[in-house]
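Scroll down for the structure; my scribbles are underneath it.
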Amino acid sequence: MKLYYSPGACSQAPHIAAHELGLPVETVKVDLRTHTLADGSDYYKVNPKGYVPLLVLADGTTLTEANVVLQYLADQKPGTLAPKFGTLERWKLTEMLAFLATEVHKGFSALWNPRTPAEVRAAAVERLGTRFALLSQTLAKQPFLMGDKFTIADAYFFVLLNWTNIHKVDLTPWPALKDYQARVAARPAVQATLKAEGLVK
């Protein structure tokens, strides 16, 4: 398998999952500012959507969207980072992944655009705050989003939480989120991913 990624982007979540699972995944770095690969070639020719992650399987089949790629990787070792398909626990995980993708991940969209007016940015941060408050309530009671066990949802949320550092979104109102962020960051697979993406030494 080949994973196209950009350091710190949402593609970091499947990168973490691959490390957690010990999967042999080749990684290819994408410059999202220029949409080019290291050799200067056009990334749009590889993935017409232009963003990451893109997972290319051995037979050439491609998968995109972080929450989908995460589930595919998890199912290479069923029951490790995601409950088995057909169980209520898996549906609850899918529900969480959908919430992270649509309410948290997309909630950052306005913050990435430097032309976003200050009042729109403030409204986006306020909306994110309501989502953080909900997730904080969960993480004040248990170590990970789905309970006592780290799952692909945690890989995803960890990456999204790190974006608060980039956009100077203060997590002080939610100490459970700051504790969670530190707890996930300390995992060996997460540290290995951060190092592989050149984000820590």
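Each value in this text was obtained by applying a stated rule to the coordinates, not by laboratory testing. Predicted model only: the values in this text are computed from it and were never measured. Using ideal geometry, Cβ is built from the backbone for each residue, glycine included, and neighbour counts are taken over all protein chains shown.
Shape index of the chain: Rg/Rh, with Rg the Cα radius of gyration and Rh the Kirkwood radius from the inverse mean 1/r over Cα pairs, equals 0.95.
Dividing the summed -39500 (n - 2.57) terms of all DSSP H runs of n ≥ 4 by the residue count of the chain sets its mean residue ellipticity at 222 nm at -14000 deg cm²/dmol.
Of all the options Ala133, Ala74, Ala122, the one that moves most in a Gaussian network model of the chain with Cα springs shorter than 10 angstrom is Ala122. Among the trypsin sites (Lys or Arg not before Pro) found in region 12-58, those both in a DSSP coil and sparsely packed, with 14 or fewer other Cβ atoms within 10 Å of their Cβ, are Arg33, Lys49.
Hydropathy first: keep DSSP H helices in the chain averaging at least 0.5 on Kyte-Doolittle, then drop any whose Cα extent along the axis falls short of 20 Å, and list what survives. Passing helices, by number: 152-166.
Of the residues Gly40, Ala13, Pro78, the one whose Cα sits farthest towards the positive end of the charge dipole of the chain is Ala13 (charges of +1 on Lys and Arg Cβ, -1 on Asp and Glu Cβ, taken about the Cα centre).
Of the peptides 185-193, 141-149, the order by per-residue mean of other Cβ atoms within 10 Å, starting with the highest, comes out as 185-193, 141-149.
Computed over the Cα atoms of region 75-120, the ratio of the radius of gyration to the Kirkwood radius (Rg/Rh) comes to 1.26.
Structural descriptor for the chain: relative contact order 23 percent, calculated from alpha carbon pairs under 8 angstrom and at least 6 residues apart. Under a Gaussian network description of the chain, with springs only between Cα atoms under 10 Å, the residue in Leu177, Leu32, Leu160 that fluctuates furthest is Leu32.
Counting every pair of alpha carbons in region 88-187, the share spaced more than 25 Å apart comes to 17 percent.
Listed by chain and number, the aspartates and glutamates placed with their C-alpha closer than 16 angstrom to that of Lys45 are Asp31; residues fewer than eight positions away on the same chain are left out.
Cα centroids of region 164-201 and region 60-97: 22 Å apart. The aspartates and glutamates whose alpha-carbon is closer than 15 Å to the alpha-carbon of Lys84, local same-chain residues fewer than 8 away aside, are Asp75, Glu95. Each Lys or Arg adds one and each Asp or Glu subtracts one; over the other residues with Cβ under 12 Å from the Cβ of Ser109, this totals +2.
For region 1-99, applying the loop criterion from DSSP together with a ceiling of 13 other beta carbons within 10 Å to the chymotrypsin sites (Phe, Trp or Tyr not before Pro) yields Phe85. Of the residues His105, His167, His15, which exhibits the maximal mean-square fluctuation in a Gaussian network model of the chain defined by a 10 Å Cα contact cut-off? Residue with maximal mean-square fluctuation among His105, His167, His15: His167.
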